[in-house]
Each structure stands twice: as C-alpha cells, then as structure tokens.
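Below is one structure; the comments refer to it alone.
The values are calculated or read from the model by the stated rules, or taken from the named source; none is laboratory data. Just so you know, these numbers come straight off a predicted model, no measurement behind them. Neighbour counts are summed over all protein chains in view; Cβ atoms, including those assigned to glycine, are modelled from backbone coordinates with ideal geometry.
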Amino acid sequence: MTFKIWHHTRYLYSKEVFLEPHYLRFKPLQKSYLNLLHFHLKADPEPAGWSWVSDAENNPVTQIWFNDETRSLDIEAEIVVSINEGFNFFSFILDPLKKLEAGNSFYGPKIGVFLKPYLQTELSEVIKSYVEQIFQVNDGDIIASLSSLLQHIHMEWNHDLVTEPYKLDVENCFSEKAGSCRDLSWMLISMLRYAGLASRYVSGYTYNDELEDGHELHAWVETYLPGPGWIGLDPSTGLFVHENYIPVSTSFDPVNTMPVTGSFRGNANSKIETYVSIEQIDS
C-alpha cells in the first residue's frame with residue numbers, strides 16, 4: 001500500500017516578530033517495512049537557510065533560520081510512503097533473560113547504562129500495584145505481560161482526542177480512566193519503565209479508515225527487548241504496532257518529538273493551527 005500525508009502547521013503572531021532558528025520533525029524514520037518515496041518541506045516566509053541534521057537520539061531534523069520579521073509562519077510537509085504488508089513484526093527471538101519482575105531492570109550493566117534515560121520514572125503506589133498484578137498473573141512472561149497490559153489499558157481507559165497542550169499527567173490519566181493517545185502512551189511508558197522495560201515515546205502518523213477523525217497524527221510507545229530491539233505498542237488500540245504506523249520521531253521525553261520547535265523575539269501573542277491528512281493512494 002502507498003500513503004500520501006499532508007501536514008500543515010501555521011503560526012500567527014499579533015505583531016511583527018523575529019523568528020529564531022526552528023527545528024522541524026516531519027521526515028519518517030527508516031523502518032524495514034517502510035519505503036520513503038517522496039518528502040518535501042515548504043516554509044513561508046522562505047527561510048534564509050536550511051540544514052538537515054540528526055538530533056541526539058538520531059531522529060532526522062530540519063533546521064531553518066530567518067533574516068526578516070514576520071507576522072506568520074507556515075510549514076507544509078508532503079510525504080509519500082509505501083509499506084510492506086507482508087512484513088512479520090513477530091519474527092524474532094528474545095535473547096535469554098532472567099525472569100521479569102516489576103520494579104527491577106533485567107538489562108545487563110553495559111546496555112543498562114545506555115538505556116538509563118528510558119528507565120527513569122516516578123509512580124504512586126497505586127499504579128505500581130496495578131502493574132505488579134498484571135506481570136505476576138503472566139508469571140514474568142514478557143510478551144504475554146505486554147499484551148495483557150495493552151488490553152487492560154484499551155478496555156479500561158477512554159481514548160479522547162487531543163484538545164489542549166501537553167499535559168502528560170500519569171496520575172491524573174490513571175485516576176480519570178481517560179486520556180488522549182499521548183496521555184495513554186506516557187502512562188504506558190511509565191508503567192513499563194517501572195516494570196524494568198526501557199521505553200520511549202513515538203510521534204508519527206497512522207492510518208485506519210475505521211477510526212474517527214483525529215487519528216492521523218498519533219502517538220504510541222516503543223519498548224526495548226534484547227534480540228528484536230525496539231518494538232511498538234499502541235495503548236489507544238490495545239495492539240502491537242503494525243505496518244500502518246509511520247514513525248517520525250522517538251525520545252525518552254515527549255517534548256523532544258514535537259513536529260516544530262523554536263521561538264521568536266518580540267512582544268507578541270501567538271497561536272497555532274494544524275491540519276493533517278493521510279490517504280491511501282493505491283493498494
């Protein structure tokens with residue numbers, strides 16, 4: 001299948017401002033099941049310069065900078081990708097591991113040092129107990145525990161559309177039994193980290209013609225398993241990630257995955273408008 005994605009971001013300022021360098025994260029990550037056929041970025045006003053770089057976590061980033069003042073900034077990304085529908089996401093063998101127990105990391109000391117940022121979390125005793133019960137029922141089996149935790153979140157929490165800026169309050173999401181895709185993802189990450197599994201936040205696109213509007217721009221989770229590496233989990237659907245997920249940026253901190261980051265100089269108010277569409281253009 002081939003998908004075409006159009007992502008438009010517009011910033012409006014109440015007065016003329018000078019834009020500091022901005023960093024754009026729209027280019028899909030390299031994956032075995034995904035081929036990038038077309039990628040084009042456009043900005044208005046036209047930047048004085050462009051630079052294609054990688055951040056500290058190896059995400060592709062486009063840096064742009066400006067010379068003149070403006071009252072708006074429009075950024076358009078046009079992306080076309082093809083996916084391999086026959087890709088088997090479960091064709092892997094786990095490296096021999098000790099029994100997984102919530103609250104304890106099972107990684108060796110060398111890899112554990114590298115994964116340290118992806119293991120840091122703070123949880124209430126109530127949430128810790130919730131995670132421990134799920135992992136105890138599955139007797140430490142990693143895949144069974146992951147599947148069970150996904151199903152519990154999918155069935156017990158309401159999935160809301162994003163209506164306000166980043167909250168990512170794990171305790172609030174847990175107690176209210178509701179959250180957006182990014183709220184549920186951050187809660188799952190915190191739970192997995194407590195369970196001893198290094199986990200990171202993923203921002204990208206997904207296509208499901210059976211879901212209502214608002215699912216094109218999506219957030220999910222990746223957890224690190226020795227052997228297969230980073231594997232994807234979506235608490236919003238209760239499923240392991242499949243070929244209709246197009247990741248753009250990953251990080252131990254969700255703030256590092258925002259599509260556009262930057263600032264401006266000037267005494268002005270600003271607002272943002274975004275629009276994302278994804279369509280299947282052939283089978």
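Summary table
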| item | result |
| --- | --- |
| Pairs with Cβ under 9 Å, 6+ apart, first in segment 143-156 and among the small types (Gly, Ala, Ser), second surrounded by fewer than 16 Cβ atoms within 10 Å (Cβ to Cβ) | 144/137; 145/137; 145/139; 148/137 |
| Number of the condition not met by residue 50 [criteria: (1) in contact (Cβ under 8 Å) with a residue 24 or more places away in the chain; (2) more than 23 Å from the chain's Cα centre (by Cα)] | (1) |
| Single residue of 224, 201 found to be part of a strand (DSSP E or B), at pLDDT below 95 and in contact with a helix residue (DSSP H, G or I) (Cβ under 9 Å, 6 or more places away or on another chain) | 224 |
| Test for residue 191: is it more than 14 Å from the chain's Cα centre (by Cα), part of a helix (DSSP H, G or I) and buried (at least 23 other Cβ atoms within 10 Å of the Cβ) | yes |
| Conditions (1) within 20 Å of the chain's Cα centre (by Cα); (2) over 24 Å from residue 4 (Cβ atoms); (3) part of a loop (DSSP other than H, G, I, E, B): number failed by residue 27 | (2) |
| Restricting segment 60-98 to residues that are among the charged types (D, E, K, R) and more than 19 Å from residue 270 (Cα to Cα), the residue that is surrounded by the most Cβ atoms within 10 Å (Cβ to Cβ) | 78 |
| Top-ranked residue in segment 1-46 [being among the charged types (D, E, K, R) and surrounded by 15 or more Cβ atoms within 10 Å (Cβ to Cβ); ranked as modelled with the lowest pLDDT] | 31 |
| Number of the condition not met by residue 229 [criteria: (1) crowded, with 17+ Cβ neighbours inside 10 Å; (2) more than 14 Å from the chain's Cα centre (by Cα)] | (1) |
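Quick grid of which residues meet (1) within 10 Å of the chain's Cα centre (by Cα); (2) buried (at least 17 other Cβ atoms within 10 Å of the Cβ); (3) hydroxyl-bearing (Ser, Thr, Tyr):
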| position | (1), (2), (3) |
| --- | --- |
| 203 | yes, yes, yes |
| 207 | no, yes, yes |
| 219 | yes, yes, no |
| 223 | no, yes, yes |
| 247 | yes, yes, no |
| 257 | yes, yes, yes |
| 282 | no, no, no |
